[in-house]
1. Where the second residue is open to solvent by 90 Å² or more (accessible area, probe 1.4 Å) and the first is touching a residue at least 60 places away in the same chain (Cβ under 8 Å) and lies in the range 17-35, which pairs have Cβ atoms under 9 Å and are six or more apart or on separate chains?
2. Could you please let me know if V93 is over 26 Å from G266 (Cα atoms), among the hydrophobic types (A, V, I, L, M, F, W, C) and at pLDDT 90 or above?
3. Condition first: small (G, A, S) and farther than 23 Å from Q187 by Cβ. Now tell me which residues in the range 228-267 satisfy that.
4. Pull out all pairs, ordered by first then second residue, where Cβ-Cβ is under 9 Å, the residues are six or more apart or on different chains, the first lies in the range 86-111 and is among the basic types (K, R), and the second is surrounded by fewer than 18 Cβ atoms within 10 Å (Cβ to Cβ).
5. If we keep just the residues of the range 248-264 that are farther than 20 Å from R224 by Cα and among the polar types (S, T, N, Q), which is most open to solvent (accessible area, probe 1.4 Å)?
6. For a quick check of your reading of the model, give me the residue pairs whose first member lies in the range 206-227 and is closer than 17 Å to V188 by Cβ, whose second is part of a loop (DSSP other than H, G, I, E, B), with beta-carbon atoms closer than 6 Å and at least 6 apart or on different chains.
7. Select from the range 109-124 the residues that are over 11 Å from K164 (Cα atoms) and not in a strand (DSSP E or B) and write down the one among them that is most open to solvent (accessible area, probe 1.4 Å).
8. Looking only at strands (runs of 3 or more DSSP E) that lie completely in the range 125-193, which have at least 2 residues being open to solvent by 70 Å² or more (accessible area, probe 1.4 Å)?
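The values are calculated or read from the model by the stated rules, or taken from the named source; none is laboratory data. The structure presented is a predicted model; accordingly, all values stated were derived computationally and were not measured. Here the Cβ positions follow ideal geometry from the backbone for every residue, glycine too, while neighbour counts run over all protein chains shown. With ligands, DNA and RNA removed, areas are computed over all heavy atoms of the protein, side chains included. Shrake-Rupley method; radii C 1.70, N 1.55, O 1.52, S 1.80 Å.
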Amino acid sequence: MMQITSEGGPQPQSNIIFSISDEKIASVKSTGLVRGVAVGNGTVTGVVQAVDAETGKLVVVSQDKVEVEVIQLTAVRIRAPITRMKTGTQMAVYVMGITSSQTPFPFGNAVQGLMFHWSVTKRDTLDVKTRHSETSFHLPAKYNFAVDVYARVKGESGLEVVVKVLDPAANQFHNMARELSDEIQIQVFEKLYLVTPEAEAEQILMSPNSFIKLQTNRDQVASRSYRVLDGPDKVPVVKVDAGGFLISGSLIGSSTIEVISQELFGM
């Protein structure tokens with residue numbers, strides 16, 4: 001079912017009369033609520049009528065049309081913005097059809113409703129929660145066409161969704177299928193942090209005229225770059241080369257070092 005709304009027209013607006021070109025394809029109520037009946041295309045027309053002051057007859061003062069397409073789902077796919085996540089991050093994913101126009105809006109209000117079951121292959125790597133879990137509000141499975149994915153620890157895990165129909169006779173899936181499914185693989189990698197020295201407080205204490213070799217947890221799998229961020233109006237108290245060697249001079253003070261990890265997949 002889908003609600004058709006309108007705007008514009010004469011003000012104050014009179015009642016809108018809705019009609020559809022083919023009632024075998026879909027039906028429309030006086031409130032503009034359209035219900036798909038069979039696969040096909042139709043046209044819903046909304047007409048605003050008023051009484052002519054001179055003749056006393058009904059006249060059409062405004063009207064508009066909208067095309068309605070009733071479809072069957074032939075397949076589903078998981079729409080995810082990325083497939084590689086840093087630990088401690090989250091992203092939203094949702095179910096779509098095989099075309100860009102088959103967003104959750106066409107089938108999210110299916111009658112009977114569709115059941116959405118989400119699962120992961122490695123729960124220690126990924127976790128799945130409903131979009132409303134942070135408010136302690138839990139939707140029934142037939143409304144969970146979108147979920148939040150949480151990256152826990154590094155690794156790779158599959159994310160799968162199974163969409164089931166409550167009534168196969170409703171003919172909502174192609175060939176009266178009972179369920180459709182899709183699965184994607186998501187890789188979780190660690191955040192960048194220094195292992196030498198251990199700098200949880202993000203501060204390194206050095207004596208003058210000393211050096212230290214900076215090492216990160218991504219040294220073996222990603223390229224790195226180092227630079228001093230102090231501006232031209234401030235004399236840096238340290239230097240760092242491309243290999244991560246941090247060298248202090250005779251000056252006492254503080255400087256800021258930026259460490260960038262360039263992953264093989266572009267991040």
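1. Short answer, once both residue conditions are applied: R35/K29.
2. For V93, the condition - over 26 Å from G266 (Cα atoms), among the hydrophobic types (A, V, I, L, M, F, W, C) and at pLDDT 90 or above - is not met.
3. Passing the criteria: G231, A242, G243, G244, S248, G249, S250, G253, S254, S255.
4. Going by the 9 Å Cβ cut-off, the qualifying pairs are K86/E190; K86/K191; K86/L192; K86/M267.
5. If we take residues in the range 248-264 being farther than 20 Å from R224 by Cα and among the polar types (S, T, N, Q), then S250 is most open to solvent (accessible area, probe 1.4 Å).
6. Close Cβ pairs satisfying both conditions: N217/E190; N217/Y193; R218/L192; A222/E263.
7. Per the criteria, the residue is R123.
8. Counting at least 2 such residues, we get 155-165, 179-189.
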